[in-house]
Every structure is written in structure tokens, then in C-alpha cells.
Amino acid sequence: MCRPDHFAVTYAINPWMRPDLPVDTARAVRQWEDLRRTYLDLGHVVDLLDPVPGLPDMVFAANGATVVGGRVLGARFRHPERAAEAAAHTAWFRAAGFPTTEPEFVNEGEGDLLVVGDVVLAGTGFRTDPRAHAEVARVLGREVLTLDLVDPRYYHLDTAVAALDDATIAWLPSAFTPAAQAVLRARFPDAVVADVADAAVLGLNAVSDGRHVVLPAQAPRLAAAIADRGFVPVPVDLSELLLGGGGPKCCTLEVRP
Ligand code: ARG
């Protein structure tokens, strides 16, 4: 995770971002501290990446890399405003001793690359270059399923799909092309289908340890639906970070050993 000390909305690279509206950075930090505390209370280890002045989106750590089996594929950002974040992540992983590969094609880390069991769901359409998907398969040694996103509000895959455990997802079908919907229906016939209103507050931007699912407090119907499946919803309020177009998952890069 990366503390939002320099969080702001100074440019707009997704429809959520409104540089004309005020942002309360101190409130963003408090909400982010609650998220961090939530992970610690659940027994997880949280490593911190130092925030860099002038990189207001760096709080969205999920975009900085993808880690599978202790191997790291670095990110390459679509927009120049975020480009410098990639090197900060790569430096952190190299210093921590992880074998790290710098990518050839644009990929926005776990924003578009979602690990579900043995497979990597890979989004494209807004950010990640579809050519990055083969690179992911090669570098991380996993099967990759390409999924085309169509709704600009759900510009990253992790705004439209949540991995609940190794075999279960929650998702918003209308965020995908018919072909991508067919792929997900075939692979995950028991998926939780999100309510449109819950997805519209980025309710699907959730982090699960296979049992506890940390999700936006503003998505109560989704919380009830996943509780019905035996998961334990853990609501958090990250309303200030939603002004940047992100939620709990965006703030969290999972380091899979
Ligand atoms: N403002 C950031 C962007 O548009 C938000 C990133 C959200 N991160 C995510 N994993 N979906 O790039």
C-alpha cells in the first residue's frame, strides 16, 4: 500500500476524476489508514511503498505490478501522468529481492490483471494493451483469459470483477463485450452478479482473502449477496479516494509468495 499523502485530482484520466471539485487529502489519509488497519486486524502483513510528491494517483498501488508465485511483472502506464509510478514499484520489489521483469507493453498491474486460482483474468479496452496478455502468460507462467471492457466507468478490470476465492468471482456483465461475458459465464457459472447500483460505487473493487471480503461500505446489496455465499463482508469507507476513481482493491497490491 502507498499512503495518499500527495493524493489529489489534478488531471482526469477516467470519468470519475473531476479536477474542478475539491479533494480533502487529510480525509483520504484517514480513510486509507482505516483500510490499512482493517487488513492488520484481519491478520495480514502490510508493506508500504513511499509516496512520491507529484504522483497523486500513487495511492492506487494495485496498478504498479502483478505478483504471482513470488515473480513480479512490472507495470507500464497508459497515461504519462502516471508513468513514473512504475519505477518506484520496480525499485521496491528489486530491493525486497523479488525477481522482477520490466514489461514491453502497457499493462496497469492488478488493475487489469486479476489472479483467480490458477488463471489470470486480463482486461483490455481502456488501459492494458492486449499484447501484454501474452507477455503476462509468458512471464508469470499462468493461463490468461482476455476480457474486453466496454464501459468507461469500469476502465480497469478490477472495477468490474472481484475475485472472492480461487473459483468464485463477483462481476458486472454489462461492463464487458458479449464475447467476454460468454467467457466468464463458461468459466464461472456460479458467479455472484452485482447489482448495477453497487457496481456504480465501485462495489466490485474488493479484496478477498478467500473468506473476508473488504469492499466499499456504499455497496450493501453486494455485501449481502456475498454473505449469502458464506463469505464475510468487511465494509470500508473510501469515499474520498473514489474521487480518483478507485476503491479498496485499487489501493492494494497483493504480494503472492
Ligand atoms: N486515477 C487512477 C487512474 O485512473 C485510478 C486507478 C484505480 N486503480 C485501480 N486498480 N482500478 O488510473
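Quick note: the coordinates plus some simple rules give every number you see, no bench work behind them. Worth saying up front: this structure is predicted, and the values here are computed from it rather than measured. Please note: Cβ atoms are built from the backbone with ideal geometry, for glycine as well, and neighbour counts cover all protein chains shown.
Could you go through region 145-154 in sequence order and give the Karplus-derived ³J(HN,Hα) for each residue, using 6.51 cos²θ - 1.76 cosθ + 1.60 with θ = phi - 60°, rounded to whole Hz, and x for Gly and Pro?
Along region 145-154, the couplings run 9, 7, 10, 8, 8, 10, 10, x, 5, 10 Hz.
For every helix of n ≥ 4 consecutive DSSP H residues, a contribution of -39,500 (n - 2.57) applies; sum these over the chain, divide by its total residues, and give [θ] at 222 nm rounded to the nearest 500 deg cm²/dmol.
For the chain, the value works out to -7000 deg cm²/dmol.
With springs only between Cα atoms under 10 Å apart, run a GNM on the chain and tell me which of Arg229, Arg127, Arg82 wobbles the most.
Arg229
Of all DSSP beta bridges in region 25-242, what percent run antiparallel (nearest 5)?
Antiparallel: roughly 50 percent of the beta bridges in region 25-242.
Using the Cα gyration tensor of region 110-177, with a ≥ b ≥ c the square roots of its eigenvalues, what is the shape: rounded (a/c below 1.5), prolate (a/b larger than b/c) or oblate (neither)?
oblate
Report for region 39-145 the percent antiparallel among DSSP-assigned beta bridges with both residues inside it, nearest 5.
65 percent
Return a whole-number percent for the relative contact order of the chain, with Cα pairs under 8 Å and 6 or more residues apart as the contact set.
20 percent
Whole angstrom only: what separates the Cα centroid of region 133-192 from the Cα centroid of region 117-131?
Centre-to-centre distance over Cα atoms comes out at 8 Å.
If you add up the charges near Ala12, with Lys and Arg at +1 and Asp and Glu at -1, over every other residue whose beta carbon is less than 10 angstrom from its beta carbon, what do you get?
Taking every Cβ under 10 Å from that of Ala12, the sum is -1.
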